[in-house]
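Engineer: This structure is in structure tokens; I'll ask about it shortly.
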Amino acid sequence: MISTIQAWSPRTLAEAYQLLTREQGRIKVLAGGTDLMVALHARTECPPAFLNVWPLAELRGITETNESVRIGALTTYTQLMRSTPVQHHAPILVEAAGVIGARQIQNRGTLGGNIVNASPAGDTLPVLAVLEAELEIGSSRGTRLVPFNAFYTGYRRTVLAADELLLAVILPKRRPPEQQYFRKVGTRQAQAISKVVMALRLQQTQPGRVDFIKIAFGSVAPTVMRAPLTEALLQNQTLSPARIAAAREQVMAEVQPISDVRSTADYRRTIAGNILARALYELGQRN
């Protein structure tokens, strides 16, 4: 069955746009293939044609401006881990990349693929949510910027039109004394789909007092989710034991987990509260 599928490998972005426009949604974009090939072999997905964007140099590279770091959509997890700008400004993205699959997956899987695949268990997605990334999206009609936190419209659904490609991820640079925190809970220490994954970004100008905080979770809702009610509870507050306990209870009420083959909803809800409380305690002790 797989051998009968038609595939194109454009050499330029303009050619890729032309094919996407012509096929009107009948073509599936293939980047690293680490998720799509699994779906093909499991026969959970069988598109009539592929657009292989792996050869497109325009989708590669990590560059800096005074305010941001631009990461091409075809940047692999290995390249993220080795990038000095990413290490400096988004260390939690480096952490997330390091827990995705084994070395082979890290060498082939791409940041753009993790985003567009739209799985609520995508390990990089809570990181991009708290970093408040922007997504550069292009088509033959032009380019546009979409806030990462507005990209998902539902389970496995995005704002990406049929003729559009994700070109790059734009991250604002970190401003000291900003702190970042990442935690993934899975069945094993490595090569495991997350049961709960959390990213957190926080700034304290006084020891234990929160000036701003951003919290996001994966695997606990139909899409990656921010926790605005918990953020509001912690904003401009001191990280006392009582405040941390209240935040734990709030986030357990805010997440929307389900039970599936990997975990139960109750377990995910409890773990979400526990890892948030632990993060707040650890971060509060650092100043």
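Engineer: Go through the range 30-124 and name the GluC sites (Glu not before Pro) that are in a DSSP coil and have 15 or fewer other Cβ atoms within 10 Å of their Cβ.
Structural biologist: Sparse-neighbourhood loop GluC sites (Glu not before Pro): Glu45, Glu67.
Engineer: Name the long-range amide H neighbours of Thr158: under 5 Å, sequence gap of 5 or more, or other chain; modelled H, no Pro or chain starts.
Structural biologist: Those lying under 5 Å, H to H, from Thr158 are Thr153.
Engineer: Still on this structure: Helix-derived [θ] at 222 nm for the chain: sum -39500 (n - 2.57) over DSSP H runs of at least 4, divide by residue count, nearest 500?
Structural biologist: Rounded to the nearest 500, it is -10000 deg cm²/dmol.
Engineer: State, as an integer percentage, the relative contact order of the range 17-114 based on alpha-carbon contacts under 8 Å between residues 6 or more apart.
Structural biologist: 27 percent
Engineer: Mind checking which helices in the chain clear 24 Å along their axis (Cα) and have mean Kyte-Doolittle hydropathy of -1.0 or more, DSSP H runs only?
Structural biologist: Long hydrophobic helices here: 265-286.
Engineer: Taking 0.36 nm per residue of sequence separation and subtracting the Cα-Cα distance, how much length would be gained by fully extending the chain between Ala57 and Arg22, in nm to one decimal?
Structural biologist: The Ala57-Arg22 span can extend by a further 10.4 nm.
Engineer: Accessible surface of Ser68 in the full protein assembly, 1.4 angstrom probe, to the nearest 10 Å²?
Structural biologist: Approximately 20 Å² for this residue.
Engineer: Give, in nm to one decimal, the length gained when the segment between Arg11 and Asn66 is fully stretched (0.36 nm per residue of separation minus the Cα-Cα distance).
Structural biologist: The Arg11-Asn66 span can extend by a further 16.7 nm.
Engineer: Could you do me a favour and compute the accessible area per residue for the chain, 1.4 Å probe, result in Å²?
Structural biologist: 46 Å²
Engineer: Moving to a separate point now. At a 1.4 Å probe, what is the % contribution of carbon and sulfur to the accessible area of the chain?
Structural biologist: Carbon plus sulfur share of accessible area: 51 percent.
Engineer: Val159 to Gln237: FRET efficiency via 1/(1 + (r/R0)^6), r the Cβ-Cβ distance, R0 35 Å, to the nearest 0.05?
Structural biologist: It comes to 0.55.
Engineer: Relative contact order, percent, of the chain when contacts are C-alpha pairs under 8 Å separated by at least 6 residues?
Structural biologist: Reported relative contact order: 15 percent.
The values are calculated or read from the model by the stated rules, or taken from the named source; none is laboratory data. In this text the structure is predicted, and so the values were computed from the model without any measurement. Quick reminder, even Gly has a Cβ in these numbers, built from the backbone with ideal geometry, and neighbours come from all protein chains shown. The area values use the complete protein model at the heavy-atom level, side chains included, leaving out ligands, DNA and RNA. Shrake-Rupley method; radii C 1.70, N 1.55, O 1.52, S 1.80 Å.
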